[in-house]
Amino acid sequence: MVGRIAGRNSGRCGLLGAGALAAALLVAAAPVRAAEMNAMITTAMAAAIEQLGPPFERAHGDTLHIVYGPSGGLARRLNGGEPADLIIVESKVLDELIRQGRVAPGRTDIARTAIGIAVRKGAPRPDVSSAAALKRTLLAARSIGYTAPAGGGVTAAHIIGVLEKLGIVAEVAPKVRLAAGGPNGRVSVLVSSGEAEIGLQLVSELMSNPDVEVIGMLPPELQLTAVISAAIPTGSREVELANAFIRHLATPDAMTVFKAKGLAL
């Protein structure tokens, strides 16, 4: 009797063992779930990320969900509770987010850009080679475009400061045209549409519009260099994937793209 019971149990264990093995094989054969990473990225990086993002997705089998906007605007969205696994913005804005505890310490500087000057493609190219030449050009221009301070872009306050240093704030005020900032409110669109005869903005953003021509940069004594940095928000659910993307942006191929897009000054 004991032997018969033992025999039954042994057969049952064999069946259970076979079932467990089959289940394990099914789990091993099942495809790994693709991750989805939410990223907030400054518009200054948009042209480069649009080129560098798809190869990363193909290599990792994961998906990037990216929202673009002015650095300050993205900071407000993160502080407002909008989720993000990765944030790439101007370094001073990022430092403040780290200080506030919204982003984990340890930023990675990945690119830099500066303020360029653009006109509509095919339009005359006025002299902007010095502070004096820039002053004459801005005074002669019918309209001047730059980002609205309320949009959160890093260039607005600096450009207003440039106009103050040149002593022409009152003279140019009636012809200033403000862009909202972000992908739907670019300074370059003011220029390409003819709303602004001349535009001042981070050169990487100006270069992303094929209908404008960059005619120069702000003179060195008036220039702003923006360092673009990446870090991980404290609420990130895809820390490993976000770090992998940051490493992807530090490769030689990425550096080549940055240089072509006005992001490696």
Open item on the list: For Cα pairs less than 8 Å apart in space and 6+ apart in sequence, what is the mean separation divided by the residue count of the chain, i.e. the relative contact order in percent?
Closed with: 28
- [ ] Please give the peptides 217-223, 227-233, 158-164 ranked by average Cβ packing (other Cβ atoms within 10 Å per residue), highest first, as a rough proxy for protection.
- [x] 227-233, 158-164, 217-223
- [ ] Kindly write out, for region 85-97 in residue order, the coupling ³J(HN,Hα) from the Karplus curve 6.51 cos²θ - 1.76 cosθ + 1.60 (θ = phi - 60°), rounded to whole Hz, with x marking Gly and Pro.
- [x] 8, 8, 9, 10, 9, 4, 4, 5, 5, 5, 4, 5, 5
Open item on the list: Just to confirm, what accessible area per residue do you get for region 140-265 at 1.4 Å probe, in whole Å²?
Closed with: 44
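Can you give the charge dipole size of region 36-182 about its Cα centre, rounded to the nearest 20 debye, using +1 on the beta carbon of Lys and Arg and -1 on the beta carbon of Asp and Glu?
Computed about the Cα centre, the dipole is about 780 debye.
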- [ ] Specify whether the C-alpha gyration tensor of region 174-265 places it in the rounded, prolate or oblate class, a ≥ b ≥ c being the square roots of the eigenvalues: rounded for a/c under 1.5, otherwise prolate if a/b is larger than b/c and oblate if not.
- [x] prolate
TODO: Could you grab the relative contact order for region 123-265? Cα pairs under 8 Å, six or more apart, rounded to a whole percent.
DONE: 24
Task: Table column - 3J(HN,Hα) (Hz), region 60-69, Karplus curve with 6.51, -1.76, 1.60, x for Gly and Pro - done: 9, x, 10, 10, 9, 10, 10, 10, 9, x
Open item on the list: Among GLY69, VAL154, GLN100, which residue has its Cα furthest toward the positive end of the charge dipole of the chain, with +1 on Lys/Arg Cβ and -1 on Asp/Glu Cβ?
Closed with: GLN100
Open item on the list: Counting each pair of different Cα atoms once, what's the Kirkwood radius of the chain in Å, rounded to one decimal?
Closed with: 20.9
Open item on the list: Using only Cα atoms and rounding to the nearest 10 degrees, what angle (0 to 90) does helix 239-248 make with the longest principal axis of the chain?
Closed with: 50
Task: Cross-link reach list, aspartates and glutamates versus LYS261, counting only Cα pairs under 12 Å and skipping chain neighbours closer than eight places - done: GLU50, GLU205
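Pop out the carbon and sulfur fraction of the accessible area of region 43-160 as a percent, whole number, probe 1.4 Å.
Within region 43-160, the accessible surface is 53 percent carbon and sulfur.
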- [ ] With only Lys, Arg, Asp and Glu charged, each at its Cβ (+1 for the first two, -1 for the last two), find how big the charge dipole of region 93-173 is about the Cα centre; round to the nearest 20 debye.
- [x] 280
Open item on the list: Using helices alone, I'd like the mean residue ellipticity at 222 nm for the chain: each DSSP H run of four-plus residues gives -39500 (n - 2.57), total over residue count, nearest 500.
Closed with: -13000 deg cm²/dmol
TODO: Using the Cα centre as the reference, give the magnitude of the dipole from point charges on the C-beta atoms of region 120-265 (Lys, Arg: +1; Asp, Glu: -1; all else neutral), rounded to the nearest 20 debye.
DONE: 220
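With a ≥ b ≥ c the root eigenvalues of the C-alpha gyration tensor of region 139-225, is it rounded (a/c under 1.5), prolate (a/b larger than b/c) or oblate?
rounded
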- [ ] Please report, as a whole percent, how much of the solvent-accessible surface of region 194-265 comes from carbon and sulfur atoms (probe radius 1.4 Å).
- [x] 53
Open item on the list: Apply the a/c threshold of 1.5 to the C-alpha gyration tensor of region 51-114 and tell me whether it is rounded, prolate or oblate.
Closed with: prolate
Open item on the list: Which residue, ILE198, ILE215, ILE87, has the largest displacement toward the positive end of the dipole of the chain when charges sit on each Cβ (Lys, Arg +1; Asp, Glu -1)?
Closed with: ILE87
TODO: Check the straight Cα-Cα distances from LYS135 and name the aspartates and glutamates below 16 Å, setting aside those fewer than 8 residues away within the same chain.
DONE: ASP127, GLU164, GLU171, GLU197, GLU221
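The values are calculated or read from the model by the stated rules, or taken from the named source; none is laboratory data. Just so we're clear, the structure is a prediction, and the values are computed from it rather than from any experiment. Neighbour counts are summed over all protein chains in view; Cβ atoms, including those assigned to glycine, are modelled from backbone coordinates with ideal geometry. Just so you know, the surface numbers come from the protein's heavy atoms only, side chains and all, with ligands and any DNA or RNA stripped out. Shrake-Rupley method; radii C 1.70, N 1.55, O 1.52, S 1.80 Å.
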